[in-house]
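Everything on this sheet refers to the single structure shown next.
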Amino acid sequence: MEPFPDQFMEFHPIHGTNVQLDYSGTKATRVESFANAVCFSKNPLKPGEIFLIEIEDKELGWCGHLRVGLTARNPLDLEVVPEYSIPDLTDVGDSWIFAITRNHNKVKEEPAAEGQGAGEEGLNGGHRLGRGENEGGAGREGEGDEGDNNSKPKTFFTDSHLCIDNIKIPRDKLVGRSRPGRFSHILDDLYKTNALPPTARRSRIGVLYVPKGRDVADMHIIINGEDMGASAKGIPVIQPLYAVVDVFAATKCVQIVQVEYGFSSLQTLCRKAIQKHIVHRMAIDWLELPEALKHYCKYE
């Protein structure tokens, strides 16, 4: 893969009617109801470039959670932004979108059942692997996150990059972190082991595509630094691909996390050096460092 320069990630100014963006274009909040909250990346993604968001806030009382994916449809060409990403956007084709669940793309590949719709398989050349989430509008509270206990140890501070084929993504921003507090060290460990529900507050979800041959690619979803595998295969990449984020139902607000691909800044290098020599980031408070650097090291 050829290196590409960092670009500042923003949401597209075209979005669902219930979405409000902040002044920077990096935070999307659903201001009412449970739907009409489909957002897009402002620019198409480059091969191997991750669109990473953090769940900032949730809203109790709704069934269903965040959906993410890719679309080859330019938001500027949409007559109207669909109410739902699934099935409205997937049904028109050229879109590969999943409800975020623990095992949405950890199912065995099976032949498409006769009469199966485009929302499940065969989306204009892309082969969808996961089953996503049952649709039909948002009901009341009662849907639980998956309890799949993935206790695989992570090497967040020792492996500097997440590798997917020949794609290398810096790890330092991929894992969610709790807000500083009495039990933050316990929560941080749960984020690192990806043991919390994938749609918990502060979880970080990313989507990218990995070239797999001439003019085709696989879509991957990353949950708190763990590659969930190929969610869709054989996606045509002749047209530009935009990230899709549906701030749906129980997910209320998301914030884009900027990822540095090039040379790390001096602040980033200092943060990595400090993190290697402390037990937990709250111990930074006792170090003789400038307050601004302490905040930066704790990701505040």
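Details
- Test: GLU260 is loosely packed, with under 15 Cβ neighbours inside 10 Å and in contact with a strand residue (DSSP E or B) (Cβ under 7 Å, 6 or more places away or on another chain): yes
- Taking the criterion of being in a strand (DSSP E or B) and free of Cβ contacts under 8 Å to residues at least 60 places away in the same chain, the residues of segment 188-217 that qualify are LYS212, GLY213.
- Yes/no for PHE40 being aromatic (Phe, Trp, Tyr), modelled with pLDDT of 95 or more, over 16 Å from the mean Cα position of the chain (by Cα) and buried (at least 21 other Cβ atoms within 10 Å of the Cβ): no
- Selection status of LEU76, surrounded by fewer than 17 Cβ atoms within 10 Å (Cβ to Cβ) and at pLDDT 95 or above: yes
- Filtering ALA28, ALA35 for residues that are within 29 Å of VAL210 (Cβ to Cβ) and in contact (Cβ under 8 Å) with a residue 60 or more places away in the chain leaves a single hit, ALA28.
The rows are residues; the columns are (1) under 18 Å from the mean Cα position of the chain (by Cα); (2) closer than 15 Å to LYS173 by Cα; (3) modelled with pLDDT under 80.
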site: PRO236; (1), (2), (3): no, no, no
site: GLN239; (1), (2), (3): no, no, no
site: VAL245; (1), (2), (3): yes, no, no
site: ALA250; (1), (2), (3): yes, no, no
site: ILE256; (1), (2), (3): yes, yes, no
site: PHE263; (1), (2), (3): no, yes, yes
site: LEU269; (1), (2), (3): no, yes, yes
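- Number of residues in segment 9-25 that are in contact with a His (Cβ under 9 Å, 6 or more places away or on another chain) and either surrounded by 21 or more Cβ atoms within 10 Å (Cβ to Cβ) or in contact (Cβ under 8 Å) with a residue 40 or more places away in the chain (or both): the value is 0.
- Screening the candidates LEU293, LEU266, LEU187 for the property of being of a type in the set (A, V, I, L, M), over 28 Å from VAL81 (Cβ atoms) and surrounded by fewer than 15 Cβ atoms within 10 Å (Cβ to Cβ) yields one hit, LEU266.
The values are calculated or read from the model by the stated rules, or taken from the named source; none is laboratory data. In this text, all values refer to a predicted model and were calculated from it rather than measured experimentally. Every residue, glycine as well, gets a Cβ built from its backbone with ideal geometry; the counts of neighbours run over all protein chains shown.
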